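Asks: Handing you a structure now.
The values are calculated or read from the model by the stated rules, or taken from the named source; none is laboratory data. Worth saying up front: this structure is predicted, and the values here are computed from it rather than measured. Here the Cβ positions follow ideal geometry from the backbone for every residue, glycine too, while neighbour counts run over all protein chains shown. Keep in mind that these areas ignore ligands, DNA and RNA; they rest on the heavy atoms of the full protein, side chains included. Shrake-Rupley method; radii C 1.70, N 1.55, O 1.52, S 1.80 Å.
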Amino acid sequence: MAIHDYLQKEVLDGFDNYKYSAIDTSPISNYIYHPFWNRIVKLVPVWVAPNLLTFSGFVLLIVNFAVLTFYDPHFYASSRDHLESPPIPNWVWLMAALNNFLSHTLDGIDGKQARRTKSSSPLGELFDHGLDSWAAFFLPVGLYSIFGRGEYGVSVYRVYLVMIGIMLCFITSHWEKYNTGILFLPWGYDIGQLGMTLVYLITFFYGYEVWKFTLPLLHISTAEFFEMCCYLGFFGLTFPFTFWNIYKSYADKSGKMRPFGEAMRPLVSTLVLFGLMLLWATFSPYGILDNQPRLLYWTTGTAFSNIACQLIIAQMSNTRCELLNSKLLPLFFIVAMSLLMPLGIWEVYLLWVYCIYVTTTHIWFGISVVQEMCMHFKINAFSIKPELDVE
């Protein structure tokens, strides 16, 4: 039996009729990464399950986050203004570069391994994109430790806005698929992955202080330059194409043709989550973001991942997306209490409680959904059944 029945019969029936449809026009992806991945996947034994590759890549990002949290919990390690926080050991940047590169590679070859071993299933796509939704916040948070806050850095609030922007890019891509039936892979993802690995490597060879200068002509720090590049990616490479593709699907009647209210339904939970979290981060009497940045980052990213997974399930099964995620109700009361009552340090305790709640329930949700889909499709999540005829 499944741990918990999250998927209704109509959802499972929808998965039976699902066909993967994606378009990737990124030059970096098509001319650099895919040729490389096509060679790498041949080195993987055919008995290795694609989901095992996906999960291994995700674990590598968790390792990066954990190690950087240990050495730099409050993003002061790269700041000359806070000598009480020693610099991050240099080997960490090499580890971060290797883990990031390997994680992206494993994420790139899991689908190829599935086709190679004839083990493709809707579970593989859901598993892949579900973990990607959780990993979205790791990327800017990892880089932030290189620049930190202080001189030549940026505030934890500005990084929070960038993190939210990245998650918005992720959710709008799947909102786009919810309405068009096609996943248009954004260019910014592969560009960002390549850039992150290079920045980690440069930091390993030359130290974090190599980034502490002001760019000529622009008169901004390198941290502000990277921040600006993120916004250019959001508003130049992602959002306009998403809106255009949805508009075009309505114009030529090639999409789902949902009414406006139904088409916008998948965005409600995400916007409510970000609205509540930004209210708390901006107006917290205790300064919750300044005092506990990593905890707030993790909590936001995890709650977002649950919302994104619910949307991915709905668009893959061609069923109606939920309007409001159940995890938003306790958050509403926590934020209201924090802003209306002088709680002091209790704000941190409430954040910890909510963090533990969303993390444990999201993991429970993920395990249950994977188990339900394995039972439905009669497959294993992390192994390939011997009867499969693999090449």
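Asks: If we keep just the residues of the range 188-230 that are open to solvent by 70 Å² or more (accessible area, probe 1.4 Å), modelled with pLDDT of 90 or more and of a type in the set (Ser, Thr, Tyr), which is nearest to residue 104 (Cα to Cα)?
Replies: Among those that are open to solvent by 70 Å² or more (accessible area, probe 1.4 Å), modelled with pLDDT of 90 or more and of a type in the set (Ser, Thr, Tyr), it is 206.
Asks: Let me ask something else. Can you list the helices (runs of 4 or more DSSP H) lying wholly within the range 275-391 that have 1 or more residues being under 30 Å from residue 123 (Cα atoms)?
Replies: Values: elements: 288-291, 293-317, 328-340, 346-377.
The qualifying helices (runs of 4 or more DSSP H) are 293-317, 328-340, 346-377.
Asks: Would you say residue 249 is crowded, with 18+ Cβ neighbours inside 10 Å and either in contact with a Ser or Thr (Cβ under 6 Å, 6 or more places away or on another chain) or in a loop (DSSP other than H, G, I, E, B) (or both)?
Replies: The answer is yes for residue 249.
Asks: Of all residues in the range 266-307, how many are buried (at least 21 other Cβ atoms within 10 Å of the Cβ), under 17 Å from residue 325 (Cβ atoms) and not hydrophobic (A, V, I, L, M, F, W, C)?
Replies: Residues flagged as buried (at least 21 other Cβ atoms within 10 Å of the Cβ), under 17 Å from residue 325 (Cβ atoms) and not hydrophobic (A, V, I, L, M, F, W, C) within the range 266-307 amount to 9.
Asks: Hey, another quick one. Only one of (1) under 17 Å from the mean Cα position of the chain (by Cα); (2) open to solvent by 70 Å² or more (accessible area, probe 1.4 Å) is not met by residue 256, so which one is it?
Replies: For residue 256, the failing item is (1).
Asks: So, in the range 345-358, how many residues would count as being in contact with a Phe, Trp or Tyr (Cβ under 8 Å, 6 or more places away or on another chain) and within 15 Å of residue 297 (Cβ to Cβ)?
Replies: Total satisfying the criteria: 2.
Asks: If you don't mind, another one. Could we say that residue 175 is over 21 Å from residue 198 (Cβ atoms), in a helix (DSSP H, G or I) and of a type in the set (A, V, I, L, M, F, W, C) here?
Replies: Spelling it out, residue 175 is indeed over 21 Å from residue 198 (Cβ atoms), in a helix (DSSP H, G or I) and of a type in the set (A, V, I, L, M, F, W, C).
Asks: Moving on to the next point. For the range 358-373, how many residues meet the condition of being farther than 19 Å from residue 62 by Cα and open to solvent by 20 Å² or more (accessible area, probe 1.4 Å)?
Replies: 2
Asks: Taking the criterion of being closer than 24 Å to residue 313 by Cβ, buried (at least 21 other Cβ atoms within 10 Å of the Cβ) and charged (D, E, K, R), would at least one residue in the range 93-113 satisfy it?
Replies: Yes: the range 93-113 contains one or more residues that are closer than 24 Å to residue 313 by Cβ, buried (at least 21 other Cβ atoms within 10 Å of the Cβ) and charged (D, E, K, R).
Asks: Looking at 23, 40, 28, can you tell me which residue is touching a residue at least 24 places away in the same chain (Cβ under 8 Å), over 21 Å from the mean Cα position of the chain (by Cα) and open to solvent by 20 Å² or more (accessible area, probe 1.4 Å)?
Replies: Just one listed residue meets the conditions, 40.
Asks: Within the range 1-18, can you find the residues that are open to solvent by 50 Å² or more (accessible area, probe 1.4 Å) and more than 23 Å from the chain's Cα centre (by Cα)?
Replies: Once the filter is applied, which keeps residues that are open to solvent by 50 Å² or more (accessible area, probe 1.4 Å) and more than 23 Å from the chain's Cα centre (by Cα), the range 1-18 yields 1, 3, 4, 5, 8, 9, 10, 13, 16, 17.
Asks: So, one more: Which residue, of 108, 130, 165, is touching a helix residue (DSSP H, G or I) at 6+ places or on another chain (Cβ under 7 Å), in a helix (DSSP H, G or I) and over 29 Å from residue 204 (Cα atoms)?
Replies: That would be 130, the only listed residue that is touching a helix residue (DSSP H, G or I) at 6+ places or on another chain (Cβ under 7 Å), in a helix (DSSP H, G or I) and over 29 Å from residue 204 (Cα atoms).
Asks: Ok, one more. I'm trying to understand the selection: among the residues of the range 149-158, which are outside any loop (DSSP other than H, G, I, E, B) and either modelled with pLDDT under 95 or open to solvent by less than 10 Å² (accessible area, probe 1.4 Å) (or both)?
Replies: Filtering the range 149-158 down to residues outside any loop (DSSP other than H, G, I, E, B) leaves 156-158.
Within the range 149-158, just 156 meets the criteria.
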